[in-house]
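A.B. asks: One structure is given below, represented as C-alpha cells, and several questions about it will come after.
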Amino acid sequence: MTKARIIPPETSQDIDAVQKLCWDYRDYLIGLSPFDAQLIELFYPQDKYAALMDRVAEEHAPPTGLIRLAKLGEAPVGCGMVHSLPDGSAEIKRVYVTEAARGTGTGYAIMNALIEGCRDLGFERILMDTSKPLEAAQRLYLSMGFKRRGPYQDVPPIAEGHMLYFEMDLS
C-alpha cells in the first residue's frame with residue numbers, strides 16, 4: 001500500500017488541486033441521496049460555494065486555520081482544512097479522499113495532520129460535523145478520539161437528525 005504524503009499547499013497548483021477536490025467532495029455529497037443533494041444546495045449553493053472556494057486559501061491560513069493536501073506520487077488524492085470559530089475552537093471542514101485513495105490510510109493521515117496542526121496553532125478544542133450516510137468517516141473520527149456531541153451551531157430544521165457532531169479536547 002502506497003502512503004500518501006500530506007503537505008500544506010504551497011503553490012498555486014496545490015491550491016487549485018484543493019479547490020478541485022472540494023468541488024469533487026461537494027459532488028460526492030450531492031450524489032449520496034436526493035435528501036443530501038437538497039441539504040448541500042441549501043448550505044452550499046453553487047454560487048456561495050464558488051465564492052468560498054475563491055477565498056479558501058485566505059480563510060484557512062495560519063494563525064487561525066490550515067489546509068492539508070494529500071498526494072500519491074504527484075496526484076492530489078485528498079484534502080482537509082481547519083478554521084477558527086467565534087468561540088476560539090477549531091472546526092475541521094471538507095475532509096475528502098478520492099475513491100482511488102480510499103482504504104489506503106489517506107483519510108487517517110489527513111485527519112492526523114489536521115489534529116496536529118490544531119495543536120501547533122494552540123487550539124484547545126476541535127469541532128466537526130458529518131452526515132449520517134458517511135459511516136466510514138464516523139468510524140474514523142471515533143477511532144481517533146473524537147466524541148459524539150450535540151450541535152455546536154444553529155441547525156436548520158431540515159438538517160436535524162441527519163447531521164452528526166463531534167468534538168475533541170486538546171487541552
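A.B. asks: Where in segment 57-171 are there strands (runs of 3 or more DSSP E), lying fully within it, with 3 or more residues that are farther than 18 Å from GLU10 by Cα and aliphatic (A, V, I, L, M)?
C.D. replies: Numbers: elements: 65-72, 75-84, 90-97, 125-131, 147-149, 163-169.
So the answer is 90-97, 125-131, 163-169.
A.B. asks: Now a separate question. Test ILE40 against the criterion of being in contact (Cβ under 8 Å) with a residue 12 or more places away in the chain, surrounded by fewer than 18 Cβ atoms within 10 Å (Cβ to Cβ) and among the β-branched types (Val, Ile, Thr), and give yes or no.
C.D. replies: Numbers: in contact (Cβ under 8 Å) with a residue 12 or more places away in the chain: yes; surrounded by fewer than 18 Cβ atoms within 10 Å (Cβ to Cβ): no; among the β-branched types (Val, Ile, Thr): yes.
Spelling it out, it is not the case that ILE40 is in contact (Cβ under 8 Å) with a residue 12 or more places away in the chain, surrounded by fewer than 18 Cβ atoms within 10 Å (Cβ to Cβ) and among the β-branched types (Val, Ile, Thr).
A.B. asks: Let me ask another. Find all pairs meeting these conditions: Cβ atoms under 7 angstrom apart; at least six residues apart or on different chains; first residue within segment 138-154 and closer than 8 Å to TYR165 by Cα and touching a residue at least 60 places away in the same chain (Cβ under 8 Å); second residue among the aromatic types (Phe, Trp, Tyr) and outside any loop (DSSP other than H, G, I, E, B).
C.D. replies: Taking only residues 6 or more apart or on different chains, the pairs are TYR152/TYR165.
A.B. asks: If the requirement is being without any contact (Cβ under 8 Å) to a residue 40 or more places away in the chain and of a type in the set (Lys, Arg), which of these qualifies: LYS48, LYS71, LYS3?
C.D. replies: Working: LYS71 fails: without any contact (Cβ under 8 Å) to a residue 40 or more places away in the chain; LYS3 fails: without any contact (Cβ under 8 Å) to a residue 40 or more places away in the chain.
Only one candidate qualifies: LYS48.
A.B. asks: Across segment 29-43, which residue is modelled with the highest pLDDT among those that are small (Gly, Ala, Ser) and not in a helix (DSSP H, G or I)? Quick ask: steps written out before the conclusion?
C.D. replies: First, pick out the residues of segment 29-43 that are small (Gly, Ala, Ser): 31, 33, 37.
Now restrict to residues that are not in a helix (DSSP H, G or I): 31, 33.
Working: GLY31: 96, SER33: 93.
Out of the qualifying residues, it is GLY31.
A.B. asks: Any residue in segment 156-168 that's under 18 Å from PRO34 (Cβ atoms): show its pairings with residues that are among the polar types (S, T, N, Q) at Cβ separation under 9 Å, as long as the two are six or more apart or on different chains.
C.D. replies: Within 9 Å, the pairs are ILE158/GLN38; ALA159/SER131; HIS162/SER131; MET163/THR130; MET163/SER131.
The values are calculated or read from the model by the stated rules, or taken from the named source; none is laboratory data. Predicted, not measured: the structure shown is a model, and the values here were computed from it. For neighbour counting, all protein chains shown are included, and Cβ atoms are generated from backbone atoms with ideal geometry for every residue, glycine included.
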